[in-house]
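Q: My questions all concern the structure below.
The values are calculated or read from the model by the stated rules, or taken from the named source; none is laboratory data. Owing to the predicted nature of the structure, the values given are computational and were not obtained by experimental measurement. Please note: Cβ atoms are built from the backbone with ideal geometry, for glycine as well, and neighbour counts cover all protein chains shown.
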Amino acid sequence: MGMAFSFILVVILILIVALGVLVPGLQYFFAVVVPYAALLTFLAGMVMRVLKWARAPVPFRIPTTTGQQRSLPWIKASALDNPSTTAGVIGRMALEILLFRSLFRNTRLELHQGSRLAYHWEKWLWLGALLFHWSMLLVVLRHLRFFTEPVPGFVTLLADLDGFFRFGLQGLYISGVTFLVAVTYLFLRRVLIPQLRYISLPADYIPLFLLLGIGSTGILMRYFYRVDVTAVKELTMGLVTLQPVVPDGLGMLFFIHLFLVSVLAAYFPFSKLVHMGGIFLSPTRNLPNDSRARRHINPWNYPVPVHTYEEYEEEFRDKMKLAGLPVEKEG
Amino acid sequence: MRDSRYIITGLIVFVVLLTFPLWSNAGKAASPPQPNLDTPAIQNLEQKQCVEATEYMRADHMQLLEDWRNQVVREGKRIYVAANGKEYEMSLENSCFECHSSKTQFCDQCHNYLDVEPDCWTCHLEPKEP
């Protein structure tokens with residue numbers, strides 16, 4: 001149900017832009033207004049989401065440990081998985097953000113021979129996720145060649161490395177292929193594993209279909225139904241220099257690609273994709289486990305009126321004596 | 001908000017990095033490439049028309065050149081029949097450079113703009129600049 005809904009939604013989006021650009025005058029809307037609005041929504045949405053999280057109180061350490069805590073000197077501590085120092089935390093965050101350490105721990109649970117529980121080694125999700133995210137980063141960085149003039153050296157270097165293999169006379173960007181392969185895997189995984197399919201919502205499928213649409217239009221435009229890239233760069237350079245012009249010769253595929261990217265960017269801060277910013281603010285990952293070494297005082301503490309035992313006894317001593325209760329001080 | 005200075009620093013870094021194309025190009029005028037078609041051979045043409053239509057050549061010239069290469073090198077065919085029925089010799093150096101005789105004024109204009117480095121020149125000789 002969720003899948004059909006998401007698929008139809010993305011098809012409708014494609015139809016909107018495909019029919020829209022045929023209307024004279026609407027090309028400017030899809031090539032200039034929509035991308036600007038999407039960028040603004042993306043930036044403002046991300047900032048607002050992160051500031052909202054920043055306001056949430058995190059007074060104490062939340063040690064979800066996966067390794068030995070630092071303790072007595074003769075017990076070997078796990079400095080990266082259960083760090084007690086800032087450097088260790090930076091290491092743990094780097095592992096998490098760059099290599100998806102938590103996902104690497106993924107296991108699959110199955111019953112064997114009746115009721116014997118077994119945990120399986122399951123690295124495919126980790127591998128697919130790693131492949132997808134790194135490909136996406138490379139693809140995004142390579143696109144800087146459309147947004148800079150002259151193109152910075154590192155973009156050229158990336159494109160040269162990425163385009164090591166040839167497709168006809170053109171460089172074949174490996175990251176483009178691995179991007180599509182990884183998104184397809186992440187999609188098929190949701191469809192083919194019954195438990196996963198059961199818990200999947202439209203919010204899980206929509207980003208996947210958008211990414212599939214963006215990736216496939218990109219590949220089609222580069223290798224099969226080419227568009228005039230000089231015109232494309234005229235448009236993008238016009239956008240980034242705030243002097244937008246819509247040149248002739250922007251193909252239909254390009255408009256679909258741009259519109260889907262804009263939709264994804266605008267949808268980003270309000271969807272699960274916002275984990276891009278959220279990962280930095282995971283309290284279980286970004287706080288050192290030093291609760292036993294340092295005392296953490298809740299900064300939001302306010303003075304609470306207390307009634308100590310001494311004061312209690314002072315108040316009720318006579319009554320306690322009468323009732324035969326033991327008291328600490330006589331009179 | 002005890003960690004706000006780290007979070008806000010991170011946010012600023014994020015926004016600055018993301019808007020890199022905007023501030024690095026700020027104030028510059030976006031000047032599209034101007035490939036120069038003013039060569040003697042083109043001036044002498046009665047009908048100023050490449051082997052195929054301009055829009056096709058702009059988007060698909062790499063495909064055409066690849067087809068030409070495959071036809072000549074692998075099939076041994078040397079005559080290209082264009083969509084309008086005219087015949088051309090499939091040769092980069094003898095046909096293309098006949099008109100587009102300046103690499104810096106023609107090829108490089110867009111290729112540099114888009115940071116594309118075709119490997120034509122690993123086999124072919126660059127035309128002598130007029």
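Q: Return only the number of the condition from (1) assigned to a loop (DSSP other than H, G, I, E, B); (2) within 30 Å of A:E96 (Cβ to Cβ); (3) out of contact with any Ser or Thr (no Cβ under 7 Å at 6 or more places or on another chain) that A:G213 does not satisfy.
A: (1)
Q: Among the residues of segment A:243-256, is there at least one that is of a type in the set (A, V, I, L, M), free of Cβ contacts under 8 Å to residues at least 60 places away in the same chain and surrounded by fewer than 13 Cβ atoms within 10 Å (Cβ to Cβ)?
A: As a first pass, look at segment A:243-256 and keep what is of a type in the set (A, V, I, L, M): A:245-246, A:250, A:252-253, A:256.
Checking which are free of Cβ contacts under 8 Å to residues at least 60 places away in the same chain leaves us with A:245, A:253.
Add one more test, that the residue is surrounded by fewer than 13 Cβ atoms within 10 Å (Cβ to Cβ), and what stays is none.
Taking every residue of segment A:243-256 in turn, none turns out to be of a type in the set (A, V, I, L, M), free of Cβ contacts under 8 Å to residues at least 60 places away in the same chain and surrounded by fewer than 13 Cβ atoms within 10 Å (Cβ to Cβ).
Q: Let me ask something additional. Taking segment B:77-106 on its own, how many of its residues are free of Cβ contacts under 8 Å to residues at least 40 places away in the same chain and within 13 Å of chain A (Cβ to nearest Cβ)?
A: Counting residues in segment B:77-106 that are free of Cβ contacts under 8 Å to residues at least 40 places away in the same chain and within 13 Å of chain A (Cβ to nearest Cβ) gives 1.
Q: Conditions first: (1) assigned to a helix (DSSP H, G or I); (2) modelled with pLDDT of 90 or more; (3) within 23 Å of A:F224 (Cβ to Cβ). B:Y80 passes all but one, so which condition is the exception?
A: Result: B:Y80 passes all but (1).
Q: Looking only at segment A:37-59, count how many residues are surrounded by 14 or more Cβ atoms within 10 Å (Cβ to Cβ), within 11 Å of chain B (Cβ to nearest Cβ) and not basic (K, R).
A: Matching residues across segment A:37-59 total 10.
Q: Next question. Inside segment A:104-157, can you point out the residues that are in contact with a Lys or Arg (Cβ under 9 Å, 6 or more places away or on another chain), of a type outside the set (F, W, Y) and part of a helix (DSSP H, G or I)?
A: A:L125, A:G128, A:R145, A:V155, A:T156
Q: Please state which of the following conditions A:N82 fails to meet, knowing it meets all the rest: (1) polar (S, T, N, Q); (2) surrounded by fewer than 16 Cβ atoms within 10 Å (Cβ to Cβ); (3) touching a residue at least 40 places away in the same chain (Cβ under 8 Å); (4) within 24 Å of A:L130 (Cα to Cα).
A: Only one criterion is unmet by A:N82, namely (2).
Q: Also, I was wondering about something else. Taking the criterion of being buried (at least 16 other Cβ atoms within 10 Å of the Cβ), in contact with a strand residue (DSSP E or B) (Cβ under 9 Å, 6 or more places away or on another chain) and facing chain B (nearest Cβ under 10 Å), would at least one residue in segment A:139-162 satisfy it?
A: yes
Q: Pull up segment A:198-212, narrow it to residues that are farther than 19 Å from A:S135 by Cβ and in contact (Cβ under 8 Å) with a residue 12 or more places away in the chain, then point me to the one that is surrounded by the most Cβ atoms within 10 Å (Cβ to Cβ).
A: Among those that are farther than 19 Å from A:S135 by Cβ and in contact (Cβ under 8 Å) with a residue 12 or more places away in the chain, it is A:I206.
Q: Only one of A:I97, A:I62 is surrounded by fewer than 17 Cβ atoms within 10 Å (Cβ to Cβ), at pLDDT below 95 and within 20 Å of B:D3 (Cα to Cα). Can you tell me which?
A: Just one listed residue meets the conditions, A:I62.
Q: With the checklist (1) part of a loop (DSSP other than H, G, I, E, B); (2) more than 30 Å from A:W300 (Cα to Cα); (3) not basic (K, R) in hand, flag the one item A:P83 doesn't pass.
A: Failing condition for A:P83: (2).
Q: Same structure again: Determine if segment A:219-231 includes at least one residue that is among the acidic types (D, E), within 14 Å of chain B (Cβ to nearest Cβ) and surrounded by 18 or more Cβ atoms within 10 Å (Cβ to Cβ). It would help to see each step written out before you state the result.
A: Filtering segment A:219-231 down to residues among the acidic types (D, E) leaves A:228.
The next check asks that each one be within 14 Å of chain B (Cβ to nearest Cβ); those that pass are A:228.
Subset that is surrounded by 18 or more Cβ atoms within 10 Å (Cβ to Cβ): A:228.
Within segment A:219-231 (the criterion being among the acidic types (D, E), within 14 Å of chain B (Cβ to nearest Cβ) and surrounded by 18 or more Cβ atoms within 10 Å (Cβ to Cβ)), the answer is yes, since at least one residue qualifies.
Q: Which one of these does A:L103 not meet: (1) more than 28 Å from A:F280 (Cβ to Cβ); (2) in contact with a Leu (Cβ under 8 Å, 6 or more places away or on another chain); (3) away from every other protein chain (no Cβ under 14 Å)?
A: For A:L103, the exception is condition (1).
Q: Can you confirm whether B:R74 is out of contact with any strand residue (DSSP E or B) (no Cβ under 9 Å at 6 or more places or on another chain), within 14 Å of chain A (Cβ to nearest Cβ) and loosely packed, with under 11 Cβ neighbours inside 10 Å?
A: The answer is yes for B:R74.
Q: Could you list, in sequence order, all residues of segment B:7-28 that are modelled with pLDDT under 90 and more than 7 Å from chain A (Cβ to nearest Cβ)?
A: Of everything in segment B:7-28, those that are modelled with pLDDT under 90 and more than 7 Å from chain A (Cβ to nearest Cβ) turn out to be B:A26, B:G27.
Q: For B:A29, indicate whether it is in a helix (DSSP H, G or I) and within 22 Å of the chain's Cα centre (by Cα).
A: no
Q: For residues in segment B:29-56 being in contact (Cβ under 8 Å) with a residue 60 or more places away in the chain and facing chain A (nearest Cβ under 8 Å), which is surrounded by the most Cβ atoms within 10 Å (Cβ to Cβ)?
A: Among residues in segment B:29-56 that are in contact (Cβ under 8 Å) with a residue 60 or more places away in the chain and facing chain A (nearest Cβ under 8 Å), the one surrounded by the most Cβ atoms within 10 Å (Cβ to Cβ) is B:P32.
Q: Residues in segment A:158-184 that are part of a helix (DSSP H, G or I) and over 27 Å from the mean Cα position of the chain (by Cα): how many?
A: Result for segment A:158-184: 1.
Q: Separate question: Being touching an Asp or Glu at 6+ places or on another chain (Cβ under 6 Å) and of a type outside the set (A, V, I, L, M) narrows it down to one of A:T148, A:T184, A:T156, so name that one.
A: A:T156
Q: Let me ask something additional. Before we move on, is A:L196 in a helix (DSSP H, G or I) and either at pLDDT 95 or above or among the acidic types (D, E) (or both)?
A: no
Q: Also, quick follow-up: Among helices (runs of 4 or more DSSP H) lying entirely in segment A:248-331, which contain 1 or more residues that are in contact with a helix residue (DSSP H, G or I) (Cβ under 6 Å, 6 or more places away or on another chain) and either assigned by TED's automatic domain parsing to the domain that holds A:R222 or of a type in the set (K, R) (or both)?
A: In segment A:248-331, the matching helices (runs of 4 or more DSSP H) lie at A:252-267, A:275-278.
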